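Quick note: the coordinates plus some simple rules give every number you see, no bench work behind them. Just so we're clear, the structure is a prediction, and the values are computed from it rather than from any experiment. Counting neighbours? That spans all protein chains shown, and the Cβs are built from the backbone with ideal geometry, glycine included.
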Amino acid sequence: MAFPSTRYIESPSIQNYFVDHDSGFPLAAGVVTFYRDVERTVLKPIYQQVQLADNTYDFIQLPNPITLNSVGTYDDGNGNDINVFLYPHVGSPLDVTVGALDLYFVTVYSSDGRLQETREAWPPNAENNASTSSSFDGTDNVILNPQFVDVYFIPDPATGTMVYNVTTSGQVSIVAPGWDLVTEGSGAITVSQVPISDTAAPSNPPYALSIQLGVGVTSCFLRQRIYSSPRFLKDNILSGYFIVKSNTAATPFLTLNYKPSSSTTSTLLQQICSGTALVGSFNPVFNETGVTITIVNPDVAPTGYVDIYLDIPPLSDIQVSSFQVISVANAETVVDFVELSTPQQINEVYNYDRQALFFKPISSFLVGWDFPLNPSQLGAAKTITTT
């Protein structure tokens, strides 16, 4: 027997009919209330479809709660049987971009106040449109080498670590393509590139960067500077993400920040996301509400830039990976880390090697003329004049 054709669609329920769960009779004058599922005291709008004079259709908002008619069905208050339409997303149906999923919590009471039923996470077939690629707006991940697949330091063969001894204010230690450590105070910072064996680590990173701040290091930023881009991401809504774990029993609180080159005080930076490093396993840190960048940077290229940096508290001993800063369509959109393979990440850091490759020394301009055997050895001695 042939499989049924997908051209045929099952008819949904034409009428909603409520009955009293004790008597089985129509729930006359019953009351149906629609709340936000995540905030069950806040009413969420419901709608009725109406036909306009030009035979097109529109939606108008219904009263909420809505009172059932004498036979236990929805009506418009004038005796006309209707269906109730839901908008299970953040914002309004008139928004240009569909918001994040925001489901309903529904209660049904009899006219004398007896609870009949509830429905949570309603409707069950709603799609999370905000998680699709249409929610991205303008950028991919702006962070290079987000999982530290390439590093500049050469670790000690005995320990697998590299120690930076910092002594001056604002000292910059280059640790990896795209990444610097900017410190205050005097002390040792121990870093290593850690292959991750934790199969449950969010975002499936191949590597993390381990950072241990020694005594005397009073401030440390793990910084990525976006050069020649003084107003990069201005007026954009940013979604930030990284994963972190603590190597000790301490649970430091970290913040990921946006700061343009003109910023000279803490009031001229914006926090993207923040979270606590948990002990023993990686946890994701992200902002549940997008951050709109409002700082105006008057600097110009090529000297103007933007810094994205992680503020690490003193004495922290952590591992971090999977950094992501991405522009999204609305403040309600939350974006998980968009995975990249190790070869793709290495390809993206070419700009950090470009200048060095331009000036790479070679042994001789006469490439291909370094003969292992001098042709004159096989014949009589010749006198070669100077040219």
The chain: most fluctuating residue of Ile326, Ile14, Ile143 per GNM, C-alpha cutoff 10 Å
Ile14
For the pair Ala28 and Val349, the simple spin-label estimate (label points 7 Å beyond Cα toward Cβ) gives in nm 7.6 nm
Using a Förster radius of 35 Å, what is the FRET efficiency between Asn283 and Ala158 based on their Cβ-Cβ separation? Nearest 0.05, please.
0.65
Over the range 215-292, one equal point on each Cα, no solvent: what is log10 I(q)/I(0) by the Debye formula at q = 0.15 Å⁻¹?
-0.65
Mean 1/r over distinct Cα pairs of the chain, inverted to a Kirkwood Rh in Å, yields 26.4 Å
Candidates Tyr104, Tyr352, Tyr227: whichever shows maximal mean-square fluctuation once the chain is modelled as a Gaussian network with Cα springs under 10 Å
Tyr352
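Which of Trp179, Trp122 comes first, and how do the rest follow, when ranked by fewest Cβ neighbours within 10 Å? All intermediate terms of the calculation are to be shown ahead of the outcome.
On the way: Trp179 26, Trp122 16.
Ascending number of Cβ neighbours within 10 Å: Trp122, Trp179.
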The range 162-338: equivalent-ellipsoid semi-axes (sqrt of 5 x gyration tensor eigenvalues, Cα, Å)
25, 22, 13
If you project the alpha carbons of the range 31-131 onto their three principal axes, what span does each projection cover, largest first, in Å?
41, 38, 21
Given only helices, namely DSSP H runs of n ≥ 4 each adding -39500 (n - 2.57), what is the per-residue ellipticity at 222 nm of the chain, to the nearest 500 deg cm²/dmol?
-1000 deg cm²/dmol
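For a Förster distance of 30 Å, can you work out the FRET efficiency between the beta-carbons of Val50 and Val71, rounded to the nearest 0.05?
Values: r = 22 Å, r/R0 = 0.74.
Calculated transfer efficiency: 0.85.
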Taking one equal scatterer on every alpha-carbon of the range 177-226, how large is log10 of I(q)/I(0) by Debye at q = 0.16, 0.26, 0.27 1/Å?
-0.59, -0.99, -1.01
Footprinting exposure proxy for Lys360, Lys44 (fewest neighbouring C-beta atoms within 10 Å first)
Lys360, Lys44
Pick from Gln61, Gln271, Gln324: which residue has the top mean-square fluctuation in a GNM of the chain where Cα pairs under 10 Å get a spring?
Gln61
Would you mind ranking Arg225, Arg40 so that the residue whose beta carbon has the fewest other beta carbons within 10 Å leads the list?
Arg40, Arg225
Would you please give the FRET efficiency between Ala249 and Ser219, computed as 1/(1 + (r/R0)^6) with r the Cβ-Cβ distance and R0 = 30 Å, to the nearest 0.05?
0.85
